[in-house]
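Structure record follows, encoded as structure tokens.
The values are calculated or read from the model by the stated rules, or taken from the named source; none is laboratory data. Keep in mind that this is a model prediction, so the values were computed, not measured. Cβ placement follows ideal geometry from the backbone for every residue including glycine, while neighbour counts extend to all protein chains displayed.
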Amino acid sequence: MPALERELERLLGERAVLTAPDALLAWECDGFTVHKSRPRAVVLPNSTAQVQAVVRLLHAAAVPFVPRGAGTCLSGGPTAGADAVVIDLARMRQVLHVSTEDLYAVVQPGVVNLDLTTAVHHLGLHYAPDPSSQSVCTIGGNFAENSGGPHCFKYGMTVDHVLGAVIVLPDGALCRLGDPAGARLPGALDLTAVFCGSEGTFGIATEITVRLCRDQRAVRTLLGAFATMTAACRTVSDIVAAGLVPAALEILDQATIRAVEASVYRAGYPADAAAVLLVELDGPDDVVAEEAAEVRAFMQQNGGLRIEEATDAAERKRLWKGRKGAFGAMGRLNTDLYVLDGVVPRTRLEEALVGISAIGQKHGVLLTNVFHAGDGNLHPNISYDGRDAAMTARTVAAGHEILQLCVDLGGSVSGEHGIGTEKLDHVRMMYGDADLDVMARVRAAWNPDGRCNPGKVLPSRNACAEVAKWPQMIAKVLDPEGGA
């Protein structure tokens, strides 16, 4: 065994260091399965002190490292190169402190998102950000990616709920960001917000202080089924234009509905609908009742085929089951799933969906759509067989065009999934050299030697070699004879 691995075992114990090739297989990729690479080793620390010790050792040995949570990221963020060590934080899963007076909790990064809400539910509290993978994704990973979720329309992204953090910097030094008291002093840098969404390239969060929300007195969930996607999107526009701010506004297209209804996530959605719109309202009883009546009226005005309203927890859980399980249901369609993450202005949703459909037909790929309609965060899903090089190439090419379409419509290449390795060649769709230079200088202030999650987020000559080969591979597969 190499000296570095022996020293890691001395620090953490044999059972917390994995080096066998078959053991490393589970860490070769995240939810973005196009890019795969087994790391040099995986370590499993259980405390801030252990993370510090590991990072100091790796820094001294000039070995790159990659922090990782549950691996549910969808952009290749925690996928490590063959020379890198993965620092897996799954064993750091304690809720360290809960303040019911000041409404915050201090958690380790491996705490599963939904488990935090479960831990404080008896106190009438919850943690608002709720990615679709909330039953398995971790708070640390959410912090790294600035994750959103269905309820981000009203409650905001992860950055709006993180008050502070303990950070192990890339050289092993420890720093504290933010404060449970909330807002920073006038004129002070909001370094917690800068760190949030840095995708593990600035350091490793080992304690995170998050804002807790009180449960609302009333919650109602409505499901409207429509004959056209246009009608569903127009209903969303009508709701927002009326000044309503629902907790969630979610749309699923017909292909997604059929996949869901044929799976264990069956929720009773009408399979003949072109789209379903899920609207959740919360607040005081009388306000929610009035808003529910308005939403129902908008659904009817836009030709709703069927409108359901859930007023108790069991019915709400059923209606949400299909939405939360949508990505899992896609497993019925093929072996792999490429989940895209483009954003467009809400007023251009219809235009975007028409364009996305045309791109899917052009490349001959199987597309489904489920998205956060309230803030225009689209999640086109392409089901494909990753063992088929030609199909994979068509999938990646279609994804590239879809994200370019989002930018052309005035949107963005990412709303919550991040850049990782997936979008390294998409970043320049939005940013020029001057913009990227500023970002690179900010990253260098945190990570000067570039060994903390290298080759991610910002395009560079040192980026992952596998990513760099993809444009040529796609062109070769799509046009093997090199013709025009």
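Val107 - would you say it is free of Cβ contacts under 8 Å to residues at least 60 places away in the same chain and within 26 Å of Val194 (Cβ to Cβ)?
no
Would segment 254-269 turn up any residue that is in contact with an Asp or Glu (Cβ under 8 Å, 6 or more places away or on another chain), farther than 30 Å from Pro109 by Cβ and among the hydroxyl-bearing types (Ser, Thr, Tyr)?
Checked against the condition, which is being in contact with an Asp or Glu (Cβ under 8 Å, 6 or more places away or on another chain), farther than 30 Å from Pro109 by Cβ and among the hydroxyl-bearing types (Ser, Thr, Tyr), segment 254-269 yields at least one hit.
What's the total number of residues in segment 307-328 that are in contact with a helix residue (DSSP H, G or I) (Cβ under 9 Å, 6 or more places away or on another chain), of a type in the set (A, V, I, L, M, F, W, C) and closer than 12 Å to Thr221 by Cα?
2
Scan segment 1-43 residue by residue and report those that are of a type in the set (Asp, Glu) and either within 30 Å of Ser132 (Cα to Cα) or touching a residue at least 40 places away in the same chain (Cβ under 8 Å) (or both).
Glu7, Asp22, Glu28, Asp30
Does at least one position in segment 350-358 carry a residue that is over 26 Å from Ile239 (Cα atoms) and at pLDDT 95 or above?
yes
Considering only residues of segment 131-173 that are charged (D, E, K, R) and either assigned by TED's automatic domain parsing to the domain that holds Thr72 or surrounded by fewer than 23 Cβ atoms within 10 Å (Cβ to Cβ) (or both), which is farthest from Val245 (Cα to Cα)?
Only one residue tops the list, namely Asp171.
Quick check on Phe195: is it among the aromatic types (Phe, Trp, Tyr), surrounded by 16 or more Cβ atoms within 10 Å (Cβ to Cβ) and under 13 Å from the mean Cα position of the chain (by Cα)?
Judged against the criteria, Phe195 is not a match.
Residue by residue, here is whether (1) assigned to a strand (DSSP E or B); (2) outside the structural domain of Tyr155 (by TED's automatic domain parsing); (3) hydroxyl-bearing (Ser, Thr, Tyr) holds:
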residue: Thr192; (1), (2), (3): no, no, yes
residue: Gly197; (1), (2), (3): no, no, no
residue: Thr201; (1), (2), (3): no, no, yes
residue: Ala205; (1), (2), (3): yes, no, no
residue: Thr209; (1), (2), (3): yes, no, yes
residue: Ala232; (1), (2), (3): no, yes, no
residue: Val245; (1), (2), (3): no, yes, no
residue: Ile257; (1), (2), (3): no, yes, no
residue: Ala267; (1), (2), (3): no, yes, no
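Counting residues that are free of Cβ contacts under 8 Å to residues at least 12 places away in the same chain, which helices (runs of 4 or more DSSP H) fully inside segment 281-334 reach at least 2?
Hits in segment 281-334: 285-301, 313-324.
With the structure loaded, tell me whether Phe143 is in contact with a helix residue (DSSP H, G or I) (Cβ under 8 Å, 6 or more places away or on another chain) and within 18 Å of Val86 (Cβ to Cβ) or whether it fails that test.
Yes; evaluated as a whole, the condition is true for this residue.
Within segment 1-100, considering only strands (runs of 3 or more DSSP E) that don't extend past its boundaries, which have at least 1 residues that are more than 30 Å from Val396 (Cα to Cα) and under 25 Å from the mean Cα position of the chain (by Cα)?
Qualifying strands (runs of 3 or more DSSP E): 41-43, 95-99.
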